[in-house]
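Structure, as structure tokens:
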Amino acid sequence: FQCGKDSVHERVVIDLLVGIMDDPLYDQLRTKEQFGYSVSCGARWTYGIVGLCFQVTTSCRSADEVSERIEKFLTDFRADLVEMSNETFFEHVVSLAKDKLQMWNSLEEETGSLWAEIAENRYDFEVHRNEASALKTITKSDLLKVFDKYLSPDHEKRRKLEVHAIGTSEGLASSGRPCVGPDENVGEIIDEQLNAYRKIASKTWGTIY
């Protein structure tokens, strides 16, 4: 899901959503329903755009079933957000702030974080402290607004990209696998797609579609 242009506010709200959503997503789809053997969600930062992604790896469900189940989870999760008590909400806020203010485990880890700021052209060398400070201003209402704008299945203008990687095994997990003719060169098809992507990606830093 493409969420918005990078800002401290957008980043911390998305991080907070992930922190609240990750455990119930795993518990429902992985533990209770055995929908896939790997289930997770996480925040993304891509060329100046904040995003959120879901990943499900399964050997017993089709890609379409996975997509539909994630949509249902999002619908159900919004109801949980609405019913969440202020006490529980602030527990999540404090937990995320503590994570962001943890000391580095090594010089290598700290150097990697600082170098990432340079590589991403953001240059916020106090990023974790600034994000923890921004969490003080976040309310449950802010969380619901961001969810409704970027993730809610009911929002007509949300921006979602689905990527289906379908294996060669038999059964539901292979449903929807594309057929490649005997005369087609798979390598050339992949190269064409990669080159087209690179051409577009090099011109889209900080752009929202």
| Heavy atoms of SER40 accessible to a 1.4 Å probe, total area in Å² rounded to 10 | 40
| task | Would you mind checking the pairs LYS160/LYS199; LYS98/LYS140; LYS32/LYS140; LYS149/LYS199; LYS100/LYS140; LYS5/LYS199 and listing those with alpha carbons more than 25 angstrom apart? | result | LYS32/LYS140; LYS149/LYS199
| Label 7 Å along Cα→Cβ of SER175; region 135-166 residues with amide nitrogen under 12 Å? | none
| Once you wrap a convex hull around the alpha carbon atoms of region 100-147, what is its projected area averaged over all directions, in nm²? | 4.3
| said: Probe radius 1.4 Å, ligands and nucleic acids left out: which of LEU81, LEU101 has the largest accessible area, and how do the rest follow? | reply: LEU101, LEU81
| task | Can you tell me how much longer the chain between SER141 and TRP104 gets when fully stretched, taken as 0.36 nm per residue apart minus their C-alpha distance, in nm with one decimal? | result | 10.1 nm
| said: Can you report the principal axis dimensions of region 127-178 using only the alpha carbons, biggest first, rounded to whole angstrom? | reply: 51, 29, 15
| query | GLU71 to ALA119: FRET efficiency via 1/(1 + (r/R0)^6), r the Cβ-Cβ distance, R0 30 Å, to the nearest 0.05? | reply | 0.30
| For LEU74, solvent-accessible area (1.4 Å; no DNA, RNA or ligand), Å² | 0
| remark: region 158-174 and region 110-156 have their Cα centres apart by a whole-number Å value of 29
| Carbon/sulfur fraction of accessible area - region 1-141, other protein chains in place, 1.4 Å, % | 51
| query | Okay, helix-only estimate at 222 nm for the chain: each DSSP H run of n ≥ 4 adds -39500 (n - 2.57), divide by all residues, round to 500 deg cm²/dmol; what do you get? | reply | -16000 deg cm²/dmol
| request: Return the loop-located chymotrypsin sites (Phe, Trp or Tyr not before Pro) in region 29-64 (DSSP other than H, G, I, E, B) with at most 12 other Cβ atoms within 10 Å of their own Cβ; answer none if there are none. | output: TYR37
| query | In square angstrom, what is the accessible area per residue of the chain with a 1.4 angstrom probe? | reply | 64
| message | Under 20 °C and 1.002 mPa s, how fast does region 75-133 diffuse according to Stokes-Einstein, given a Kirkwood radius computed over C-alpha pairs? Answer in µm²/s, whole number. | response | 156
| query | What does the accessible area of ASP64 come to, in Å² to the nearest 10, when a probe of 1.4 Å is used? | reply | 100
| task | Determine the principal axes of the Cα atoms in the chain, then give the extent along each, sorted from largest to smallest and rounded to whole angstroms. | result | 59, 40, 38
| Expressed in nm², what is the orientationally averaged projection area of the convex hull enclosing the Cα positions of region 1-82? | 5.6
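The values are calculated or read from the model by the stated rules, or taken from the named source; none is laboratory data. Bear in mind that the values here come from a model prediction, so they are computed numbers and not experimental data. All Cβ positions, glycine included, derive from the backbone under ideal geometry; neighbour counts span all protein chains shown. We work out accessible area using only protein heavy atoms, side chains counted, and drop any ligands, DNA or RNA first. Shrake-Rupley method; radii C 1.70, N 1.55, O 1.52, S 1.80 Å.
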